[in-house]
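Undergrad: One structure coming up, written as structure tokens, with questions to follow.
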Amino acid sequence: MTFDLQILELVCSRLCHDLISPVGAVGNGLELMAEEGDDELLEDARRLVESSTQRASSLLQMYRCAYGNAGNQASFGPGEAVKLAREALDPSRVDFRADLPAVGDWPRGFGKLLLNGILTTVEWLPRGGVLSLSASESEGKAVFGVTVEGQQAGYSPDVAKLLALDRGGIDLTAHNIQPYLTGLIAQHHKARLDPSQPSAGIAILRCQTAA
């Protein structure tokens, strides 16, 4: 798979945007610990450093597999993808539910595609909600479905176009690069993406790989 320079730049911008907050919080916590203060202030600073470090680590591990070569390894399957997403997503905003079989002869790269599908649909929950995921494998074909439910859950017509790799009239930005990247990964694996909105407050992304 090849990316043009604009895609690489926008993915890097997205990574930096998501990591700036926890990394900056680590710095703030260390500054507080360096100042003279009472034990309660030092304990608050310690908790801030600890939680922010964990947040940054979870994001880096997830993006390493979602955007990097680690996600292409045969050992990286749906279970690993769900584990990384669960650890990195904000539990106070997204109620993450997954129903996955314990074993499966998953195609190489399916875990990476699934992880990017999750990252795409999380953005369809502007006010939080429930993200439910299922996956199955049969006769060499793998299928996953991600359903999001919540207040104002849904996606724009531009997102549907970007999932189909239709950039006509759309300016790519760090904000909308995720669905386009998911579409590129799906194309690489000869997979089909089908977004739908069956009713208000519910949106679904379904994917099926080629045999």
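The values are calculated or read from the model by the stated rules, or taken from the named source; none is laboratory data. Source: prediction; values computed, not measured. No Cβ is skipped: glycine too gets one built from the backbone with ideal geometry, and neighbour counts run over all protein chains shown. What goes into the accessible areas is simple: the full protein's heavy atoms, side chains included, and nothing from ligands, DNA or RNA. Shrake-Rupley method; radii C 1.70, N 1.55, O 1.52, S 1.80 Å.
Undergrad: Out of the residues in region 150-180 that are touching a strand residue (DSSP E or B) at 6+ places or on another chain (Cβ under 6 Å) and among the aliphatic types (A, V, I, L, M), which is nearest to Pro91 (Cα to Cα)?
TA: Per the stated criteria, the residue is Ala153.
Undergrad: Being among the acidic types (Asp, Glu), exposed (fewer than 14 other Cβ atoms within 10 Å of the Cβ) and either at pLDDT 95 or above or farther than 18 Å from Pro91 by Cα (or both), is that true of even one residue in region 132-149? Before you say what the answer is, go through the steps one by one.
TA: Filtering region 132-149 for residues among the acidic types (Asp, Glu) gives 137, 139, 149.
Filter once more, keeping what is exposed (fewer than 14 other Cβ atoms within 10 Å of the Cβ): 139.
Next, only the ones that are either at pLDDT 95 or above or farther than 18 Å from Pro91 by Cα (or both) stay: 139.
Yes: region 132-149 contains one or more residues that are among the acidic types (Asp, Glu), exposed (fewer than 14 other Cβ atoms within 10 Å of the Cβ) and either at pLDDT 95 or above or farther than 18 Å from Pro91 by Cα (or both).
Undergrad: Please specify each residue of region 7-61 satisfying the condition of being of a type in the set (Asp, Glu) and crowded, with 16+ Cβ neighbours inside 10 Å.
TA: Start the filter on region 7-61 by keeping residues that are of a type in the set (Asp, Glu), which leaves 9, 18, 31, 35-36, 38-40, 43-44, 50.
If the condition is that a residue be of a type in the set (Asp, Glu) and crowded, with 16+ Cβ neighbours inside 10 Å, then Asp18 is the only one that fits.
Undergrad: Give Leu89, Leu84 a once-over and let me know the one that is under 14 Å from the mean Cα position of the chain (by Cα), modelled with pLDDT under 90, open to solvent by less than 70 Å² (accessible area, probe 1.4 Å) and closer than 25 Å to Ser13 by Cα. First the steps, then the outcome.
TA: Numbers: Leu84 fails: modelled with pLDDT under 90.
Exactly one of Leu89, Leu84 is under 14 Å from the mean Cα position of the chain (by Cα), modelled with pLDDT under 90, open to solvent by less than 70 Å² (accessible area, probe 1.4 Å) and closer than 25 Å to Ser13 by Cα, namely Leu89.
Undergrad: With the checklist (1) closer than 30 Å to Pro157 by Cα; (2) free of Cβ contacts under 8 Å to residues at least 24 places away in the same chain in hand, flag the one item Leu100 doesn't pass.
TA: Answer for Leu100: the failing condition is (2).
Undergrad: Kindly indicate the residue of region 153-170 that is modelled with pLDDT of 95 or more and not hydrophobic (A, V, I, L, M, F, W, C) and also farthest from Val130 (Cα to Cα) among those meeting that condition.
TA: Asp166
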